[in-house]
1. Can you report the number of residues in the stretch 365-386 which are in contact with a Pro (Cβ under 6 Å, 6 or more places away or on another chain) and not hydrophobic (A, V, I, L, M, F, W, C)?
2. Which of the numbered conditions does residue 316 fail, given that it passes all the others? Conditions: (1) modelled with pLDDT of 95 or more; (2) in a loop (DSSP other than H, G, I, E, B).
3. Test of understanding: among 195, 208, which residue is farther than 27 Å from residue 147 by Cβ and assigned by TED's automatic domain parsing to the domain that holds residue 110?
4. If I filter the stretch 306-316 for residues that are under 26 Å from residue 143 (Cα atoms) and either assigned by TED's automatic domain parsing to the domain that holds residue 255 or buried (at least 20 other Cβ atoms within 10 Å of the Cβ) (or both), do I get at least one hit?
5. Report, by residue number, each residue of the stretch 124-142 that is within 11 Å of residue 152 (Cβ to Cβ) and in a loop (DSSP other than H, G, I, E, B).
6. Can you name every residue in the stretch 175-197 that is buried (at least 20 other Cβ atoms within 10 Å of the Cβ) and among the β-branched types (Val, Ile, Thr)?
7. Is it the case that the stretch 413-420 has a residue that's at pLDDT 55 or above and not hydrophobic (A, V, I, L, M, F, W, C)?
8. Within the bounds of the stretch 259-270, is there any residue that is within 31 Å of the chain's Cα centre (by Cα), acidic (Asp, Glu) and surrounded by 21 or more Cβ atoms within 10 Å (Cβ to Cβ)?
Amino acid sequence: MSFATRMMSMTLSFQIIAALLFITATASSSTSPSGFTMDLIHRRTNSSSSQRSNTDDQLRSSPYSDLVFDTYEYLMKLQIGTPPVEIEAVLDTGSEHVWTQCLPCLNCYKQRNPIFDPSKSSTYKQKQCNTPNDPSCDYELIYGDKSYSKGSFASETVTLKSTSGQSYVMPKTVIGCSHNSSGFKTTGSGIVGLNWGPLSLISQMGKNMLGAISYCFSPEGTSKINFGRNAIVSGNGTVSTPMFTKKEEPGTYYLNLDAVSVEETRIETLGTPFHAVDGNTVIDSGAAVTYLPTSYCSLVREAVEKFVTAERVTYGDNSLCYKTNTLDVFPVITMHFSGGADLVLDKNNTYMSFGQDICLVILCGAEEAVFGNRAQNNFLVGYDHSSRLVSFKPTDCGVTQDIPRDSISAALVLQFNVKFVFFIFVLSLMRL
């Protein structure tokens, strides 16, 4: 081979390598920060109250105990321990702790999957108590419907499987191992807390996930949850509202509800005890329905009653139901959150069939307002800790969305590119 030919071959080889290195660098930059997406499970369940945790461990009475709705619960799959054991747990932005029922079980409710046995995991390490009833090693959680979980904190490996089939492994994650739990209407093994608390799943994922999550709840089809880079909510139709925290419940996500519209009738919170500027409504994926404090809720109900001409039926003091089989007779309801986030709710978000009748599922009598998961159906809902915003984008959540590819998968592409560059370089040397 002539000198000129060798030079041309070397030049071509270096050009190829330079191009591939550019592609590799681009792929590398696209993997930071990390992000991934998971499928969720939704199942029908009889649910009559929020599962939101009260951090002070004081019982709250159910605001609608006189009416039990068939609703959906949203669960995510996790793998716990080594070797990994799969569990299903309720997705709950209204609480902090990640826990599952464990053996030995003194008092456990019936769950779908086998109960986790920590004695068979090589990475399970129970927290050691310094004193009796030490809150760093033992826990007691009491939820809004008087369900409870009692057990021990432990360090354990938690593995999440993305939709692409890749694993996101979280070693030494603090979980609760429940040996005494009762009152839960779920088929899941426990709860995945996703609020701002230090022991929530998103907090324990670390800074590479930016504390960012989003989810899309579908009444039918496959629901999804996104973490980190994949959790960004943007595009046409997106509205955002500030989220707040309060000293008494520092990890809870609060939004500020300014008004509710029933068709053209706008009911302001201003001038009522419900009015606030620093958050008056909890957004909660673990609550089935939406409820409001009685004084303000009665104003919303009155506006609905004036609109609907169907025959009224009564199941209890806390129900607003009508003898009808069509949603056409009901008004459209819009939630006006601060910052111009006006959510026009579909009628399926706010009304539900109950036997031969249809009922309003914005319920009265709660100590504080909660924006539940039924009202969030078919919205892509994003929580951004850095901007302290919650964003909503109307979305058909049962349809496959164009979402960013998992950065875990992107890392595999990067690895392939590096190997390919090395192969081309060696090949070029052999030709010389």
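1. Residues meeting the conditions: 2.
2. Against the list (1) modelled with pLDDT of 95 or more; (2) in a loop (DSSP other than H, G, I, E, B), residue 316 comes up short only on (1).
3. Working: 195 fails: farther than 27 Å from residue 147 by Cβ.
Within the list 195, 208, the selection yields 208.
4. yes
5. 124, 127, 128, 129, 134, 136, 137
6. Matches in the stretch 175-197: 175, 186, 191, 192.
7. Step one: list which residues in the stretch 413-420 are at pLDDT 55 or above, which gives none.
Within the stretch 413-420, not a single residue is at pLDDT 55 or above and not hydrophobic (A, V, I, L, M, F, W, C).
8. Quick first cut of the stretch 259-270, residues within 31 Å of the chain's Cα centre (by Cα) only: 259-263, 266-270.
Remaining after also requiring acidic (Asp, Glu): 263, 268.
From what is left, the residues that are surrounded by 21 or more Cβ atoms within 10 Å (Cβ to Cβ) are none.
For the stretch 259-270, residues within 31 Å of the chain's Cα centre (by Cα), acidic (Asp, Glu) and surrounded by 21 or more Cβ atoms within 10 Å (Cβ to Cβ): absent.
The values are calculated or read from the model by the stated rules, or taken from the named source; none is laboratory data. Source: prediction; values computed, not measured. Here the Cβ is made from the backbone with ideal geometry for all residues, glycine too, and neighbour counts use every protein chain on show.
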